[in-house]
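The values are calculated or read from the model by the stated rules, or taken from the named source; none is laboratory data. Quick caveat: nothing in here was measured; it's all calculated off a predicted structure. Cβ: placed from backbone, ideal geometry, glycine included. Neighbour counts: every protein chain shown.
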Amino acid sequence: MIADLQMSRRIRRTHFTSCVEELGVSGFTVVNHTLLPKSFSNSVEEDFYHLRNDVQIWDVGCQRQVEIEGPDALSLVQMMTPRNIANAQVGQCLYLALTTDKGNIINDPVMLKLSDEKIWLSIADSDIFLWAKALAIGLGLEVTVKEPDVSPLAVQGPAAKDLMVEIFGKQVEELGFFRFRPLDFESTKQIVARSGYSSQNGYEIYLDNRNLGKNLWDAIWDGGEKYNIRPGAPNLIDRIEAGLISFGNDMTSENTPLECGMEKYCSLTDNIDFLGKEYLIEEKRTGSRRQIRGVIFSGKPQGACTVPWQLYDGSTSVGQITSGIFNPSLGVNTGIALIEKGHWNLGQRVDVVIGKGDIRRGQVCFLPFTVPENREILMSL
């Protein structure tokens, strides 16, 4: 039995928490000291199919923003990430790995370039605000670092575009993937991005006015009724199938971007400086000790992975699954795993230890699971 979450002032509410409570949220987790709804009345499978066919509204206000503003804003962010951001455009989102002085990951935010001197880092679960502030002071950079009271609201699913056009107008149709622009809502300008933590078409509204939280939620909810809208949350089945990795779960500060499939976001040969550069260059030269991969495995439909499932090649421990669940669309159990060197090749056979006496046959796949290279393996299990 899992104990209930006890609420207190230490846990932050978002601009939309009261809205999800009215709709009967049945479970929360905490990210960035902030409530994240995890479940309502439907099963994870029901929500998976609904997300793929209709539209959902998600309170993702836990995606806190670290705002960096000033003449040295881009210089500070560049020092934090191995991705070259020199050519980032105003109105563009960029996925970043943030690294320590040893090249380890401490977060994987989405960067929003608001102007040449103003950046938002929309962060995963860690205290990047303090990290950025300390770096700015230590390097003597001319910036201010703060955490604005902004709560993103996600609208995800095939009907998201039509619904968002009704709320924000035709300009929504002009947004390219990972692009954003300020759009009108009740005589205010709110940033709307074409983005989201799902494999479906979606948008995120970065609401910077707490007083408008219920108004925005109600406008989307009322407009979405004809599209069969439901409240939801990032869906585990969809996330795993799409290969969307989760910081703090699938990767931690013990890992590097090169281990976690982020090599294309690491500009190791560019003329830029960032923390941990020499370590990542050396890792690239010698090879990573582990790599993130997908794993499919046999047996009865498996519920969500709550503690890591260990992977073995014979008697040798070769890694662990950190996110896993049965995928009803693919018809197999699926997981995201970090696997040791020499054991991560496509089709590599592994034993998946779910629990005492519960050992399943598995095979290593590429991420996302839907790439053509995986087809033969998916059909064979």
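Annotations
- Any hit, the range 76-89, residues being touching a residue at least 12 places away in the same chain (Cβ under 8 Å), assigned by TED's automatic domain parsing to the domain that holds ASP208 and more than 27 Å from GLY223 (Cβ to Cβ): no
- Here is the figure for the range 8-26: residues that are in a loop (DSSP other than H, G, I, E, B) and touching a residue at least 12 places away in the same chain (Cβ under 8 Å) total 10.
- Selection of the range 243-264 for residues being of a type outside the set (S, T, N, Q), surrounded by fewer than 17 Cβ atoms within 10 Å (Cβ to Cβ) and in contact (Cβ under 8 Å) with a residue 24 or more places away in the chain yields GLY248, GLU254.
Conditions tested, residue by residue: (1) touching a strand residue (DSSP E or B) at 6+ places or on another chain (Cβ under 9 Å); (2) in a helix (DSSP H, G or I).
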{"residue": "LEU94", "(1), (2)": "yes, no"}
{"residue": "LYS113", "(1), (2)": "yes, no"}
{"residue": "ASP125", "(1), (2)": "yes, no"}
{"residue": "TRP131", "(1), (2)": "yes, yes"}
{"residue": "GLY138", "(1), (2)": "no, yes"}
{"residue": "GLU142", "(1), (2)": "no, no"}
{"residue": "LEU153", "(1), (2)": "yes, no"}
{"residue": "PRO158", "(1), (2)": "no, no"}
{"residue": "ASP162", "(1), (2)": "no, yes"}
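- Single match in ALA86, ALA132 (criterion: over 29 Å from LYS161 (Cα atoms) and more than 22 Å from the chain's Cα centre (by Cα)): ALA86
- Scanning the range 152-195 for residues that are closer than 22 Å to LEU51 by Cα, small (Gly, Ala, Ser) and without any contact (Cβ under 8 Å) to a residue 60 or more places away in the chain yields one hit, GLY176.
- Checked against (1) of a type outside the set (Lys, Arg); (2) under 29 Å from LEU280 (Cα atoms); (3) at pLDDT 95 or above; (4) in contact with a helix residue (DSSP H, G or I) (Cβ under 9 Å, 6 or more places away or on another chain), PHE129 meets all criteria but (4).
- Of the criteria (1) in contact (Cβ under 8 Å) with a residue 40 or more places away in the chain; (2) of a type in the set (A, V, I, L, M, F, W, C); (3) surrounded by 22 or more Cβ atoms within 10 Å (Cβ to Cβ); (4) under 20 Å from GLU204 (Cβ atoms), which one LEU94 fails: (3)
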